[in-house]
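J.: Below is a structure I'd like to ask you about.
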Amino acid sequence: MNVTVREENLGRVYVNAILFYVENSIADALEHLLISFLIYLIICLCLFRWIFRPLNLSMRSEQFPAHHKRILVVSAHPDDECMFFGPTILSLVRRADCQVYLLCLSIGDHDQKGRIRRDELFQSCRVLKMRPENVTIMNFTELPDDPSVEWKVALIAKQIEHTIDALDIEALITFDRDGVSQHPNHSAIYYAASSLCLTGTMPNNCKFYTLESTNLLRKYMLVLDLPITLLLSRNWFILRWCDRQIVVQAMLQHRSQLVWFRKLYIWFSRFMVMNSLRELNVSDIELEMQLEDS
């Protein structure tokens, strides 16, 4: 009887010791995690403040070739221009010798609100300081605002080619293969622009840049993504917090689209305060196509 009681007591002591060890380990891990997060937060805030020092403003907050004078941004739907490309457009239009053009390939008629969304697009571009005559919105029946419809790459490529030739464009900026939000209409524009490069149709003096997609965590880190962006990207646009409010105001012009998850996007998305771009050449595109096929 005494042996059994002693064994039960030893078992309880052993279990209590394990629980104590686990509880202390979890507490230590959480403490270290919290301290690490606070240190990273301080680094991000200091870095964000440092890049906007007067002496470093043009060099640090904006890394994009200054010789591009005529730039075309190609989007899929009204609201893409501010939801994804806002920092890029706002930064470029402020260059005194730069002309920025926007080609939107649909009127966003998925909910039968095409006219409303068209007007919202021009209001948004006005907030972003774009000239109305530099904004073109298309309405092809073959390119509906519908993620379930496969857009015709050849038609998109033809329209982009015509716009580049007509406006003497020196830099084309659009989505990358993942389209930021995995939207197939976004990705279709990438494949269309890539086809122009692969077939040699893209003018030699026109460079091709894509907006870099990120994973879900980075997408909603806001300024906390700043160190990662600066380390991994070669071209970027980073806005002051007050300039971010201009992009927010542009997004607010799209009243027909302000459902709850887009409001969360406005508050937390890195794309409202920074863009990172990647310049692609024929070799890069061929490599991406090979990786996709494998």
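The values are calculated or read from the model by the stated rules, or taken from the named source; none is laboratory data. Since the structure is predicted, the reported quantities are computational estimates derived from the model, not experimental observations. Using ideal geometry, Cβ is built from the backbone for each residue, glycine included, and neighbour counts are taken over all protein chains shown. Ligands, DNA and RNA are excluded from the accessible area calculation, which covers all protein heavy atoms including side chains. Shrake-Rupley method; radii C 1.70, N 1.55, O 1.52, S 1.80 Å.
J.: So for the range 107-234, averaging the separation of alpha carbon pairs under 8 Å that are six or more residues apart and normalising by length, what relative contact order in percent results?
T.: Relative contact order comes out at 20 percent.
J.: Let me ask something else about it. Where Rh denotes the Kirkwood radius from the mean inverse Cα pair distance, what is Rg over Rh for the range 93-215?
T.: Working: Rg = 14.5 Å, Rh = 15.3 Å.
Here Rg/Rh amounts to 0.95.
J.: For the range 40-154, take every pair of Cα atoms, bin their distances at 5 Å starting from 0, and report each bin as a whole percent.
T.: Values per bin, smallest distances first: 2, 10, 18, 18, 15, 13, 10, 7, 6, 2, 0.
J.: When all protein chains stay in place, what accessible area (Å², nearest 10, 1.4 Å probe) is found for Glu286?
T.: Surface accessible to solvent at Glu286 totals approximately 90 Å².
J.: Using only the alpha carbons, work out the radius of gyration and Dmax of the range 147-294 in angstrom.
T.: For the range 147-294, the Cα radius of gyration and maximum Cα-Cα distance read 16.4, 45 Å.
J.: When Lys and Arg each count +1 and Asp and Glu each count -1, what net charge do the other residues less than 11 Å away from Asp168, Cβ to Cβ, add up to?
T.: 0
J.: Where in the chain are the DSSP H helices whose C-alpha atoms run 18 Å or more along the long axis and whose mean Kyte hydropathy is at least 0.5? Don't jump to the answer; show the numbers that get you there.
T.: Details: long enough: 2-50 (71 Å, 0.92); 114-127 (20 Å, -0.85); 153-167 (21 Å, 0.83); 184-198 (21 Å, 0.45).
Counting only whole DSSP H runs, the qualifying helices are 2-50, 153-167.
J.: Another one. Leaving ligands, DNA and RNA out of it, rank Arg94, Arg177, Arg244, Arg255 by accessible area with a 1.4 Å probe, largest first.
T.: Arg255, Arg94, Arg177, Arg244
J.: Two decimals, Cα atoms only, Kirkwood Rh: what is Rg/Rh over the range 112-165?
T.: Expressed as Rg/Rh, it is 1.01.
J.: Let me test this: with uniform point scatterers at the alpha carbons of the chain, what is the Debye-based log₁₀ I(q)/I(0) at q = 0.09, 0.14, 0.16 1/Å?
T.: -0.49, -1.03, -1.32
J.: Keeping every protein chain in place, order Trp50, Trp151, Trp241 by accessible area at 1.4 Å, biggest value first, i.e. largest first.
T.: Result, largest first: Trp241, Trp50, Trp151.
J.: To continue, here is another question. Taking N as the number of residues in the range 74-135, what value does Rg over Cα atoms divided by 2.2 N^0.38 Å take?
T.: My calculation over the Cα atoms of the range 74-135 gives 1.09.
J.: Can you give the helix-only mean residue ellipticity at 222 nm for the chain, where every DSSP H stretch with n ≥ 4 adds -39500 (n - 2.57) and the sum goes over all residues, rounded to the nearest 500 deg cm²/dmol?
T.: Values: 13 runs with 157 residues, N = 294.
Estimated from H runs of four or more residues: -16500 deg cm²/dmol.
J.: Provide Arg131, Arg240 ordered by accessible surface of protein heavy atoms (probe 1.4 Å), highest first.
T.: Descending accessible area places them as Arg131, Arg240.
J.: Restricting the count to DSSP beta bridges whose residues both fall in the chain, what percent are antiparallel, rounded to a multiple of 5?
T.: Counting DSSP beta bridges with both partners in the chain, the antiparallel share is about 35 percent.
J.: Report, in listed order, any pair from Lys113/Lys219; Lys152/Lys219; Lys207/Lys263; Lys129/Lys219; Lys158/Lys263 with a Cα-Cα distance greater than 30 Å.
T.: Beyond 30 Å between Cα atoms: Lys207/Lys263; Lys158/Lys263.
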